[in-house]
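K.L.:
After the structure tokens below, expect a handful of questions from me.
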Amino acid sequence: MSEALHIVNQILEEHEQIHADFQTLGQVSSDVEAAASLQTDKTRDYFVPRSLDDQGRGLARWREILQSISTGLKAHFKKEETALFDAFKREGTPDLEAALNELLSEHDRISKHVAKLLKDADDIASGGVKIQVWEGNGWGMKINIERLRSEIETHAERERELLGKMKRHLGKD
């Protein structure tokens, strides 16, 4: 197997792991949505979802998962911007290289989106991590997570298509 093909396969495997990490984050984020919808005058003093109690365990877990995703994305992006880029330059075609460059230009925007979500978590935590703080911010966090997930999935799908083209190209040599 050529080095370029090995790198392409590694990148594809990493896409699967990133997707799995987002599934976990989405599960925790659903607790945010549940807390926001359950907070009415009638239930305010009676029910606090366990993972979103005043000790902030839900927020801490959410932030840990998001930090893990952030760390994983940074390493993944670095591999794409170095080893994958070099492989495309060395063994690809000018069209494949140009398409990869276009995709690599999206990494900064995705990284900024993740950084904003981490800042949102810090802002909520600085508010005492009380359920009343979650109520005001939970919907926004849920929407931002879904937007990020959609953005990354769209990006990853375009990358998968390009990596498939590169694999076909390498198979012809």
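The values are calculated or read from the model by the stated rules, or taken from the named source; none is laboratory data. Since this is a predicted model, take the numbers as computed values, not measurements. Counting neighbours? That spans all protein chains shown, and the Cβs are built from the backbone with ideal geometry, glycine included.
K.L.:
State whether the residues of segment 56-65 include one that is of a type in the set (Gly, Ala, Ser) and modelled with pLDDT of 85 or more.
P.N.:
Checked segment 56-65: no residue is of a type in the set (Gly, Ala, Ser) and modelled with pLDDT of 85 or more.
K.L.:
For the condition under 20 Å from residue 16 (Cβ atoms), of a type in the set (Lys, Arg), surrounded by 14 or more Cβ atoms within 10 Å (Cβ to Cβ) and at pLDDT 90 or above, what is the one hit in 79, 89?
P.N.:
Values: 89 fails: under 20 Å from residue 16 (Cβ atoms).
Just one listed residue meets the conditions, 79.
K.L.:
Now, a different point. I need the full set of residues from segment 103-143 which are surrounded by 16 or more Cβ atoms within 10 Å (Cβ to Cβ) and modelled with pLDDT under 85, in order please.
P.N.:
Answer for segment 103-143, where residues must be surrounded by 16 or more Cβ atoms within 10 Å (Cβ to Cβ) and modelled with pLDDT under 85: 120, 121, 124, 129, 131, 133, 134, 135, 137, 138, 141, 142.
K.L.:
Let me ask something else about it. Right, residue 68: over 30 Å from residue 109 (Cβ atoms) and either hydrophobic (A, V, I, L, M, F, W, C) or modelled with pLDDT of 80 or more (or both) or not? If you could, list the steps in order and put the result at the bottom.
P.N.:
Working: over 30 Å from residue 109 (Cβ atoms): no; either hydrophobic (A, V, I, L, M, F, W, C) or modelled with pLDDT of 80 or more (or both): yes.
The answer is no for residue 68.
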